[in-house]
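One structure is given below, encoded as structure tokens.
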Amino acid sequence: MSFYQWEKDDLLLTVYVQPKASRAEVVGIHDDKLKIKVTSAPTDGLANVDVIKLLSKTFGVAKSNIVIISGHTQRNKRFRIFSPKKLPTLIPNK
């Protein structure tokens, strides 16, 4: 299974989040998930906000075009990105 899947124009991502890192970045692939580091702690949803902010910048969409499908309170999460405008090199065009 791949860490991404296309559903029409939307991109579904399986992500592993590492909170409280020294900087926010997309690291690469970790256990068939996209690994993302964020600086905030996983309290009160702050890490989720930072992941969405980073995904927004990475995929060239508004933060409102990204939703958490599952894993709100866990490190393993699933996101839907509505019609991404940019794709990182890890994800080829459909």
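The values are calculated or read from the model by the stated rules, or taken from the named source; none is laboratory data. None of these values were measured; they are calculated from a predicted model. Note that we place each Cβ from the backbone using ideal geometry, even for glycine, and neighbour counts take in every protein chain shown.
Observations
- Check on GLU25, touching a helix residue (DSSP H, G or I) at 6+ places or on another chain (Cβ under 9 Å) and surrounded by fewer than 17 Cβ atoms within 10 Å (Cβ to Cβ): yes
- Residues that are assigned to a loop (DSSP other than H, G, I, E, B) and surrounded by 13 or more Cβ atoms within 10 Å (Cβ to Cβ), drawn from region 59-75: GLY60, VAL61, GLY71, ARG75
- Selection of first residues in region 26-54 that are at positive phi and part of a loop (DSSP other than H, G, I, E, B) and of second residues that are surrounded by 15 or more Cβ atoms within 10 Å (Cβ to Cβ) and at pLDDT 90 or above, restricted to Cβ pairs under 6 Å at least 6 apart or on distinct chains, gives the following pairs, ordered by first then second residue: ASP32/PHE3.
- Residue within region 80-90 that is closer than 22 Å to SER2 by Cα, out of contact with any His (no Cβ under 8 Å at 6 or more places or on another chain), of a type in the set (Lys, Arg) and not in a loop (DSSP other than H, G, I, E, B) present: yes
- Number of the exception - GLY60 against (1) of a type outside the set (D, E, K, R); (2) modelled with pLDDT under 95; (3) more than 12 Å from the chain's Cα centre (by Cα): (2)
- Pairs where the first residue, in region 70-94, is over 15 Å from ILE36 (Cα atoms) and touching a residue at least 60 places away in the same chain (Cβ under 8 Å) and the second is acidic (Asp, Glu) and part of a loop (DSSP other than H, G, I, E, B), C-beta under 9 Å, 6+ apart: PHE82/ASP9; SER83/ASP9; PRO84/ASP9; LYS94/ASP9
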